[in-house]
Structure formats: structure tokens, C-alpha cells
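Notes follow the structure.
No lab work stands behind these numbers, since they all come straight from the coordinates. Quantities reported herein were computed from a predicted structural model and do not represent experimental measurements. Here the Cβ positions follow ideal geometry from the backbone for every residue, glycine too, while neighbour counts run over all protein chains shown.
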Amino acid sequence: MSTSTPITIVARWQPHKESYDEVRAIISQLRPKSLAEPGCLGYEVFESTDASGTILLLEHYRDAEALEAHKQSEHYQTFVVGQALALLADRKVEVLQART
């Protein structure tokens, strides 16, 4: 993966049914802190329109270094690693890089 090419993350989170509202609250705290990172170009949150309860996070970073800085940030470690992961039944993350 080239280090100077923009990176897009597609993260699909499936909270346990009883944890859905708590996970949404965590995301509402995580999103503005992530958007404040110098290398974060966008952070969108989508909810499934069916009954699956899936939450999709679409994140855009300037480059691989910005993504790594995000993963090492205090807010990521606190909200994702420290809180959200334990509340998820499933989590899938795709790391995408534009090709020309």
C-alpha cells in the first residue's frame, strides 16, 4: 500500500441487539474527534434500513500515516478498543486505496 495515496475504510459493525444504542452513543463521541484529526478527510455513519442493526462507518484518510495516527489516537483506543469492540457481535473492516 502506497503511503501517500488516500485511504478509505469501510467498517461494518454489528452490535449485539441489547448494545445497539450504546454503540451509537460511542460513535457519536468518536466521530467529531476523528474528524478533528489533521489527516481525516471524512467520517460518515450509516445505519441499515432493514432490521439487521448493521452500522457502516465510511472513513477517509489523507494517507496510510494518517490512518495509523487515527488507530493510535487516544479517542480510538478509548472508544473503539476500550468500549465498542466488546459490544459487537461482528465487525468487518475493508481498507481501500484508489487505483488509476
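Using helices alone, what [θ] at 222 nm do you get for the chain, with -39,500 (n - 2.57) per DSSP H run of 4 or more residues, divided over all residues and rounded to the nearest 500?
Calculated at 222 nm, the ellipticity per residue is -8000 deg cm²/dmol.
From the list [x] 85; [y] 97; [z] 126, can you say which value of volume of the Cα convex hull per residue in Å³ was derived from the structure given?
[y]
Can you pull the one-decimal nm distance between simple spin-label points at Leu58 and Ser28, each 7 Å off the Cα toward Cβ?
Each label point lies 7 Å from its Cα, and together they span 2.2 nm.
Around Leu58, under 14 Å between beta carbons, what's the net of Lys plus Arg minus Asp minus Glu among the other residues?
Net charge in that neighbourhood comes out at -1.
Counting only C-alpha contacts under 8 Å and six or more residues apart, can you give the relative contact order of the chain as a whole percent?
In percent, rounded to a whole number, it is 47.
Within 11 Å, Cβ to Cβ, of Leu67, how many net charges do the neighbouring residues add up to if Lys/Arg are +1 and Asp/Glu are -1?
-3
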